[in-house]
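The values are calculated or read from the model by the stated rules, or taken from the named source; none is laboratory data. As the structure is a computational prediction, the values presented were derived from the model and not from experiment. Cβ placement follows ideal geometry from the backbone for every residue including glycine, while neighbour counts extend to all protein chains displayed. Accessible surface areas use protein heavy atoms only, side chains included; no ligands, DNA or RNA. Shrake-Rupley method; radii C 1.70, N 1.55, O 1.52, S 1.80 Å.
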Amino acid sequence: MLKIKNLSKSFGNLEVLKDLTFNVEEGSFISIIGPSGCGKTVLLKIIAGLESSSSGKVLVKEGVNPIILWQDFKLLPWRNVYKNILFSIEEKDMPQKIKDKKVGELLKFIGLYAFKDYYPYQLSGGMQQRVVLARGLITEPQLLLLDEPFSNIEWEKTQRFYKELKQIQREKKLTIIQVTHDIPNALEHSNKIIILSHRPTKIKAILGNVKNTLKMQRRILKLSEPGKRAII
Amino acid sequence: MNKKIVFPIIAFLIILLSWEILVYFNIVNSLFLPAPLAILKSLLKEINYYLDSILVTFKHIIIGCFIGVCLAIPIGLIFGGNKNVDLSLSPLVLIISTIPIVTFLPLFILWFGLNEIPIYLCSIIAAFFPTFLNTLHGIKKIDKSFIEVAQNFQIKAVSRRVVFPASLPYISNGLRQSIQLVFLVTPSAEMIMGDVGLGGFIWKSANLFRMELVILGMITLGVIGFLLFKIYEFIEQKYVLKWMNVRKDAED
């Protein structure tokens, strides 16, 4: 689904990403863990094609448009919840009735059907995050890039969303790459964990076959701290 | 008892009464400041001319505003979307925008004659620049992330779906400034031209030393302006500021 080879990104003199190489198989769930400010969002943007790389290769499977679920939501403030979710499929070639049906389904999925006429400024952070999720999922993406997607949502709802996401993953072969600080959830749901260093950000470790054990959690915590050597 | 409405009315009536008393007892010379009742008397005498003038000024303001704004928003969008156009032409436009608008009158009179066209042109220019400049500024100031979201979802009509709604608060601000400027400029232009509208009404009355009509004209302009702004504020609140509340705070 995705091949990254020697990806580097600098903003002028500031070297953000350095020589990143990793692969993502179709249908897998990857978690990227790293310190704040190490360029995780930039990485997602580059994968989605919104930002250019300075060097290296980013190869996305043909026909796939990676959808980003932003950490700071980026909902359109002048549109209500309904229209925000509709936004991503508004220009698609299908009858309006079907579009409306899809929006309705997603509204029910995120549990905000009663709020469909509300505006973003009237919603809590967690509610906005759910709208962002719906806006992304309605496009039936093949590759989903999550930027700390559930940081504002309560534990139970987060678990439910992860469960649903994994179910969609199984049914539709959805590939998910998430950037997160939530180590237990990352271990619980991912096939692979990539640990990034501080800036200039390199890959510190790639862990496959992870299990959500205390031992693993501690190991990852230690790895994501500065000053540790890389292990692959 | 709604204090917001009752207090100003009472204060106004007290001021009116004091004014009448001051003139009545000749503490203030009625030649320099006619009394309210005298103004009322003259109003009733010249009611047709007065109402006619109001209508004419209204026409000048509304049509000028409409044309100016209809030109300003698309041209502003073009300048905002096209960096080369912006770089080459904006400095020139900015310089022209600072020229006091009524000073264009001699030129316009030469070109178009002693009729209402120079007044309309001044009104259009007054409406154009604030809306144009704010639209341009607004497009540059909108949050780039909205464009990124549109890009991510491969939206084609980005201008219509994202840029324009996102710049509406700025455009709306420009509209308000346009209305203010048109309101400033139009009666002045009418006064300089000397015969039509409330500006002409004031000027002609002043020439005949009918000060009560001059004051009537001034008060009328004040009231019309006040009403216009209140109406605009209401429209803005309902259609633009609805969702803007948090946006504005977020910017601060």
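If you line up the long axis of helix B:117-141 against the longest principal axis of chain B, both from Cα atoms, how many degrees apart are they, to the nearest 10?
Tilt of helix B:117-141: around 40 degrees.
Can you pull out the buried accessible area for chains A and B, both sides counted, probe 1.4 Å, rounded to the nearest 100 Å²?
About 2100 Å² of accessible surface is lost on pairing.
Any idea how far the Cα center of the stretch A:22-66 sits from the one of the stretch A:1-16, in Å?
10
Taking the full set of protein chains and a 1.4 angstrom probe, give the accessible area of residue A:160 in square angstrom, rounded to the nearest 10.
90
Rounding to the nearest 10 and keeping the result within 0 to 90°, find how far the Cα-based axis of helix A:214-223 lies from the longest principal axis of chain A.
It is inclined by approximately 70 degrees.
Ignoring ligands, DNA and RNA, what accessible area per residue does chain B give at 1.4 Å, in Å²?
Ligands and nucleic acids excluded, the result is 58 Å² per residue.
Sorted by accessible area with a 1.4 angstrom probe, largest first, how do B:128, B:226 fall?
I get B:226, B:128, largest accessible area first.
Within 10 Å of each Cβ in B:26-34, how many Cβ atoms from other chains are there, averaged over the peptide?
0
Given a 1.4 Å probe and heavy atoms of the protein chains only, how would you sort A:38, B:65, largest accessible area at the top?
The most accessible residue leads, giving B:65, A:38.
Kindly express, to the nearest 10 degrees and within the range 0 to 90, the angle between helix B:83-97's C-alpha long axis and the longest C-alpha principal axis of chain B.
Approximately 10 degrees, to the nearest 10.
Using a 1.4 angstrom probe on the protein heavy atoms only, line up B:203, A:78, B:243, B:111 by accessible area, largest first.
B:111, B:203, A:78, B:243
Probe radius 1.4 Å, ligands and nucleic acids ignored: give me the carbon and sulfur share of the accessible area of the protein assembly as shown as a rounded percent.
Carbon and sulfur: 62 percent of the exposed surface of the protein assembly as shown.
How much solvent-accessible surface does residue B:172 expose, in Å² to the nearest 10, with a 1.4 Å probe and all protein chains in place?
Estimated to the nearest 10 Å², residue B:172 gives 0 Å².
Give, ordered by residue number, each residue of the stretch A:47-96 whose 1.4 Å probe accessible area is reduced by a minimum of 20 Å² on adding the remaining protein chains to the chain alone.
Flagged in the stretch A:47-96: A:50, A:65, A:67, A:70, A:74, A:76, A:77, A:78, A:87, A:88, A:90, A:91.
Please report the antiparallel percentage of the DSSP beta bridges confined to chain A, to the nearest 5.
Rounded to the nearest five, the antiparallel share is 50 percent.
Could you give me the percent of Cα pairs per 10 Å distance bin for chain B, shortest bin first, beginning at zero and ending with the bin that holds the maximum distance?
So the P(r) values, bin by bin, are 7, 23, 26, 22, 14, 6, 2, 0.
Once you average over the residues of B:138-149, how many Cβ atoms of partner chains fall within 10 Å of each Cβ?
3
Tell me the per residue accessible area of the stretch A:66-140 using a 1.4 Å probe; a whole number in Å² is fine.
41
Place a +1 charge on the Cβ of each Lys and Arg in chain A and a -1 charge on the Cβ of each Asp and Glu, then give the dipole magnitude about the Cα centre in debye, rounded to the nearest 20.
600
Longer than 25 Å from Cα to Cα, which of A:202/B:156; A:108/A:166; A:102/B:140; A:57/A:215; A:204/B:144; A:5/A:166 are they? Say none if no pair is.
A:202/B:156; A:102/B:140; A:57/A:215; A:204/B:144; A:5/A:166
Determine the calculated [θ] at 222 nm for the protein assembly as shown from helices alone, applying -39500 (n - 2.57) to every DSSP H run no shorter than 4 residues and normalising by the residue count; nearest 500 deg cm²/dmol.
Calculated from helices alone, the mean residue ellipticity at 222 nm is -19500 deg cm²/dmol.
So how long is each side of the stretch A:85-137 along the principal axes, counting just the alpha-carbon atoms, biggest first, in Å?
32, 17, 17
Any idea how far apart residue B:157 and residue A:22 come out in nm if each label point goes 7 Å out from Cα toward Cβ?
Calculated label separation equals 4.0 nm.
Rg(Cα) of chain A divided by 2.2 N^0.38 Å?
1.03
Starting from the coordinates of the alpha-carbon atoms of the stretch A:1-95, obtain the Kirkwood hydrodynamic radius over all distinct pairs and give the value in Å to one decimal.
It works out to 15.4 Å.
What residues qualify as long-range amide H neighbours of residue A:56, i.e. H under 5 Å apart, gap of 5 or more or another chain, H built at 1.01 Å from N?
Amide H neighbours of residue A:56, under 5 Å, 5+ apart: A:8.
Once each part is reduced to its C-alpha centroid, what is the distance from the stretch B:64-105 to the stretch A:123-181 in angstrom?
Result: 46 Å between the Cα centres.
In 10 Å bins starting at 0, how do the alpha-carbon pair distances of the protein assembly as shown split up by percent?
In order of increasing distance, the bins hold 4, 15, 19, 17, 13, 11, 9, 7, 4, 1, 0 percent.
How many nm separate the modelled label positions at residue B:40 and residue A:140, each set 7 Å beyond the Cα in the direction of the Cβ?
The modelled label-to-label distance comes out at 7.6 nm.
Of all DSSP beta bridges in the protein assembly as shown, what percent run antiparallel (nearest 5)?
If we restrict to bridges inside the protein assembly as shown, about 50 percent are antiparallel.
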